[in-house]
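Colleague: What follows is a single structure, and I will ask about it in a moment.
The values are calculated or read from the model by the stated rules, or taken from the named source; none is laboratory data. Given the structure is predicted, the values throughout are model-derived calculations rather than measurements. Because the Cβ atoms are built from the backbone with ideal geometry, glycine has one as well, and the counts that use them run over all protein chains shown. Remember, those area values only see protein heavy atoms, side chains included, never the ligands or the DNA or RNA. Shrake-Rupley method; radii C 1.70, N 1.55, O 1.52, S 1.80 Å.
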Amino acid sequence: NVPEDQADKLLLASWGLPRAVLEKYHSLGVVQMFEWQAECLMLGQVLEGKNLVYSAPTSAGKTLVAELLILKRVLETRKKALLILPFVSVAKEKKCYLQ
């Protein structure tokens, strides 16, 4: 569980994302994360580029964790990222979304 003193970490606005990114998420109804998603982002040195392996049921929100990790790393390091997706349809959807 996310400690009470870090409950603000559930809000997307707490992660230092650009306003345009936050507005896009907000337009999709995503304003905050589930506790398990915030826990993933706060584990060890994940935000510094260390590996993370996590599992959750279909439609539980795994993609949001990956997107936030990728966005933060790309914006902070100015390096490229590679996002591998399982289906062409999902890849096309994410391409449009991330543009």
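Colleague: Give me the extension gain from residue 50 to residue 96: residue separation times 0.36 nm, minus the current Cα-Cα distance, reported in nm with one decimal. Display every interim value, and only then the final one.
Modeller: Numbers: separation 46, 0.36 × 46 = 16.56 nm, distance 2.74 nm.
Gain in length upon complete extension: 13.8 nm.
Colleague: Next question, about the same structure. Could you tell me which trypsin sites (Lys or Arg not before Pro) in segment 8-50 are loop residues by DSSP with no more than 12 other beta carbons within 10 angstrom of their beta carbon?
Modeller: On the way: sites: 9, 19, 24, 50; in loops: 50.
Filter output for segment 8-50: 50.
Colleague: May I pose another question? For the pair residue 10 and residue 60, how long in nm is the line joining their label points, each one 7 Å along Cα→Cβ?
Modeller: Inter-label distance under the simple model: 1.8 nm.
Colleague: Something else: Accessible area per residue, 1.4 Å probe, Å², for the chain: what's the number?
Modeller: On the way: 7190 Å² over 99 residues.
On a per-residue basis, the chain sits at 73 Å².
Colleague: A further question follows. Calculate for the chain the 222 nm mean residue ellipticity that helices alone would give, adding -39,500 (n - 2.57) per DSSP H run of length 4 or more and normalising by residue count, nearest 500 deg cm²/dmol. Let's see the in-between values first.
Modeller: Working: 4 runs with 44 residues, N = 99.
So the calculated ellipticity at 222 nm is -13500 deg cm²/dmol.
Colleague: In debye to the nearest 20, how big a dipole does the chain give about its Cα centre with +1 on each Lys and Arg Cβ and -1 on each Asp and Glu Cβ? Please report the intermediate quantities before stating the final value.
Modeller: Numbers: 13 positive and 10 negative charges, 142 e Å.
Using only the charged Cβ atoms, the result is roughly 680 debye.
Colleague: Amide H of residue 32: which non-local residues (sequence gap of 5 or more, or other chain) have their own amide H closer than 5 Å, using H built in the peptide plane?
Modeller: HN-HN under 5 Å from residue 32: 12.
Colleague: Now for a separate question. Could you run the Karplus curve 6.51 cos²θ - 1.76 cosθ + 1.60 with θ = phi - 60° over segment 80-92 and give me ³J(HN,Hα) per residue in whole Hz, x for Gly and Pro?
Modeller: 7, 10, 10, 10, 9, 10, x, 9, 4, 4, 5, 4, 5
Colleague: Here's another thing I want to ask about it. Quick one: net charge around residue 24, please, counting Lys, Arg +1 and Asp, Glu -1 for every other residue with C-beta under 13 Å from its C-beta.
Modeller: Values: positive: 19, 94; negative: 23, 67.
With Lys, Arg at +1 and Asp, Glu at -1, the net is 0.
Colleague: Moving on to the next point. Would you mind telling me the share, in percent, of accessible area of the chain contributed by carbon and sulfur at probe 1.4 angstrom?
Modeller: Details: 3990 of 7190 Å².
So the carbon and sulfur contribution to the accessible surface is 55 percent.
Colleague: As a quick test, which of the pairs 9/94; 24/92; 50/92; 24/62; 9/92; 9/95 have an alpha carbon distance above 21 angstrom in this structure? Spell out each step's value before the answer.
Modeller: On the way: 9/94 24 Å; 24/92 17 Å; 50/92 27 Å; 24/62 18 Å; 9/92 30 Å; 9/95 27 Å.
Correct reply: 9/94; 50/92; 9/92; 9/95.
Colleague: Hey, another quick one. If you take the charge dipole of the chain about its Cα centre, with +1 on Lys and Arg Cβ and -1 on Asp and Glu Cβ, which of 41, 98, 31 is farthest toward its positive end?
Modeller: 98
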